[in-house]
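The values are calculated or read from the model by the stated rules, or taken from the named source; none is laboratory data. Values in this document were obtained by computation on a predicted structure and should not be read as measured data. Ideal geometry is used to build each Cβ from the backbone, glycine not excepted, and the neighbour counts take in all protein chains shown. We work out accessible area using only protein heavy atoms, side chains counted, and drop any ligands, DNA or RNA first. Shrake-Rupley method; radii C 1.70, N 1.55, O 1.52, S 1.80 Å.
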Amino acid sequence: MTDTPLLHVRNLHAYIGSDRGVVRAVDDVSFKLASSAALGVVGESGSGKSVMARAIMGLMPAHSAQTGEVYFQGRDLLALKQKEREAIWGKQIAMVFQDPGRSLNPVVRVERQLTEGMRRHLGVSSSEARARALSLLEEVGVPDPERRLRNYPHELSGGMRQRVMLAIALACEPDLLIADEPTTALDVTIQRQILDLLRDVQRKRGMALMLISHDLAVVAGRTDRVAVMYSGKLAEIGATRAVFDAPRHRYTHALLGATPTLDHERHTPLNLIAGSLPTPTDPPPGCRFAPRCGFVEAACTDPGPVMELVGPDHAVACINSVPVGADDVVGGELVGR
Ligand SMILES: Nc1ncnc2c1ncn2[C@@H]1O[C@H](COP(=O)(O)OP(=O)(O)OP(=O)(O)O)[C@@H](O)[C@H]1O
Ligand SMILES: [Mg+2]
């Protein structure tokens, strides 16, 4: 990537105070995202994907601390005042969450929820905002948009609510859309439709997308690059094809081996990775995957790995990485679903 990235996250740490101690949810994560590109962020539940997204947005919970830099169009978001940050939310960076039930206001009609941001950020008149709202609903495949504008969220199906959420996120034409598990609450067919829609809209608008999912198949085929997180750390990042075809981190390799392919029933684990994520308040020294890894050597825990380039756009933090051309690499073709 030679041009200035749209988003440049540098040494991001996000720690949260809890009654169990300090949760090191995001620990020294760095990556870049180019304008108009789609980056997938994958990792097991609890690996820090959502906290990272929230830290980028400056939406951390109480009793938390974040350090590092989050350059967005060259400005460090973490150094901005709250007011300056609020001006960016929705307008330049928008976010779609997993559960539209919680994100939509149940007592406000769709029309107001859709037009509010446009009126505030774009200063358009109410009739202009309404016209835009109708065309947005059409763009995201909501039939009979006139009627839908008058609906309350509970009058819509889960899939329609998620489409409305997407329309709200797109309303102010953001440069970056962060979609955090945007479809997990939906059934498989609707999930696929919405993910494909997201990808189409992203391409058509030339918007950057960060697509977060614990499901590798969701990001396969819909993203240009993928970042693999493990226990608050970035394990591997690179072109999606390169990472999926030839993963170099032992964790990514194991994760791909545990992912069902299209030949198998959905959610049938092939060989689950034994063990679980380390305690986030007390992670092991060095590589956090070491306790579950079958290829550990002394240097994995002391000093531990650092991110190293293994290809033009492929970096990995693994001391004993998977050799190139290893024939035991992934047990099948991973096809997006
Ligand atoms: N508000 C909070 N208070 C305390 N700990 C939190 C809070 N939010 C997240 N955590 C902890 O931070 C770590 C990272 O959580 P996060 O929600 O980012 O995981 P995730 O990768 O998004 O998982 P999932 O796939 O389940 O959404 C976990 O250990 C989680 O328990
Ligand atoms: Mg999450």
| field | Anisotropy class of segment 164-311 from Cα gyration tensor, a/c 1.5 cut | value | prolate
| request: Would you mind computing, in nm to one decimal, how far apart the modelled labels at Arg102 and Val188 are, each placed 7 Å from Cα along Cα→Cβ? | output: 2.7 nm
| note | Diffusion coefficient in µm²/s returned for the chain by Stokes-Einstein, Kirkwood Rh over C-alpha pairs, 10 °C and 1.306 mPa s, is 76 µm²/s
| field | Electrostatic dipole magnitude of the chain [Cβ: Lys, Arg +1; Asp, Glu -1; Cα centre; debye, to 20] | value | 1100 debye
| query | Can you put Arg203, Arg24, Arg109 in order of accessible area, largest first, using a 1.4 Å probe? | reply | Arg203, Arg109, Arg24
| note | With a 25 Å threshold on alpha-carbon distance, the violating pairs from Lys32/Lys91; Lys81/Lys204; Lys204/Lys233; Lys49/Lys91; Lys91/Lys233; Lys32/Lys233 are Lys81/Lys204; Lys204/Lys233; Lys91/Lys233
| Quick one: helix 188-205 against the long Cα principal axis of the chain, what's the angle to the nearest 10°, folded into 0 to 90? | 80 degrees
| When the dipole is taken about the Cα centre of segment 14-142, and only Lys, Arg (+1) and Asp, Glu (-1) are charged at their Cβ, what size is it in debye, to the nearest 20? | 340 debye
| request: Just check segment 146-243 against the gyration tensor rule for me: Cα atoms, a ≥ b ≥ c as the square roots of the eigenvalues, rounded for a/c under 1.5, and otherwise prolate or oblate depending on whether a/b exceeds b/c. | output: prolate
| Can you work out ³J(HN,Hα) from phi for every residue in segment 127-136, in order, using Karplus 6.51 cos²θ - 1.76 cosθ + 1.60 and θ = phi - 60°, giving whole Hz and x for Gly and Pro? | 6, 5, 4, 5, 4, 5, 4, 4, 6, 5
| Radius 10 Å from Cβ of Ala25, net charge of other residues (Lys, Arg +1; Asp, Glu -1) | +2
| request: Write down the percent of antiparallel bridges among all DSSP beta bridges whose residues are both part of the chain, to the nearest 5. | output: 65 percent
| message | With unit charges on the beta carbons (Lys and Arg positive, Asp and Glu negative) and the dipole taken about the Cα centre of the chain, which residue among Leu234, Phe97, Gly275 sits farthest to the positive side? | response | Phe97
| request: Taking all protein chains together and a probe of 1.4 Å, list Leu80, Leu177, Leu309 from the most accessible to the least accessible. | output: Leu309, Leu80, Leu177
| request: Please name whichever of Met210, Ser64, Gly43 sits farthest to the positive end of the charge dipole of the chain, dipole taken about the Cα centre and charges placed at Cβ: Lys and Arg +1, Asp and Glu -1. | output: Ser64
| message | For the full complex of protein chains and a 1.4 angstrom probe, list Lys83, Lys32 by accessible area with the highest value first. | response | Lys83, Lys32
| said: Defining a contact as two alpha carbons under 8 Å apart and six or more residues distant in sequence, what relative contact order in percent does the chain show? | reply: 20 percent
| Can you give the calculated 222 nm mean residue ellipticity of the chain, where each DSSP H run of n ≥ 4 adds -39,500 (n - 2.57) and the sum is split over every residue, rounded to the nearest 500 deg cm²/dmol? | -8000 deg cm²/dmol
| With +1 on each Lys and Arg Cβ and -1 on each Asp and Glu Cβ, how big is the dipole of segment 174-326 about its Cα centre, in debye rounded to the nearest 20? | 200 debye
